[in-house]
Amino acid sequence: MGNAELNVKGKPLDINMIQKILPHRYPFLLVDRIIESTDKKIVGLKNVTINEPFFQGHFPGHPIMPGVLILEAMAQVGGVGALNLPENRGKLAYFLSIKEAKFRKPVVPGDQLIIEVEILKTKLSVMQVKATAKVDGGVVTEAEMMFAFVTP
């Protein structure tokens, strides 16, 4: 894990490449594909299906993706880019803060989350990002997050 090279200049990263970068696994891997990446921005997607284990209890008869899992998916998209940087390979990203989180619309089975993460600043082993999740072009969730990179 963490030894892959992120090279998405016009090429998406599939789930196999994502798993070489992120330590997360089922049922907590919440990124299906990376579709774009630059030095300051990474875009990923999460296909939301009724087969997700959290829909059994959230909520029976009215399935809605928990907001905290949308935030986690946003963090994982950012993590793909951040954990692939040479200085962060093999490390884990720990949340330091989540600010200005807003949930604008429920995410339901059949939705496809398009998650855009913009790096705002990096200092030592800390990174601040702005993340936005969209469904059909409309914003469903947004937040600013900070992470610390630690050696396990």
query: If you take all C-alpha pairs in segment 32-152, what percent of them are over 22 Å apart?
result: 34 percent
query: How many angstrom separate the Cα center of segment 87-152 from the Cα center of segment 24-71?
result: 12 Å
field: Charge tally in the Cβ shell below 9 Å around ALA143, where Lys, Arg are +1 and Asp, Glu are -1, ALA143 excluded
entry: 0
message: Only Cα pairs within less than 10 Å get springs; with that Gaussian network setup on the chain, which residue of VAL135, VAL68, VAL31 has the largest fluctuation?
response: VAL68
- prompt: Given springs between every Cα pair under 10 Å in a Gaussian network model of the chain, which of GLN19, GLN56, GLN128 has the largest fluctuation?
  reply: GLN56
field: Nearest-ten-degree value, helix 67-82 long axis tilted from longest Cα axis of the chain
entry: 20 degrees
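Every number here is computed from the coordinates shown, using simple stated rules; none is lab data. Not measured: the values here are computed from a predicted model. Counting neighbours? That spans all protein chains shown, and the Cβs are built from the backbone with ideal geometry, glycine included.
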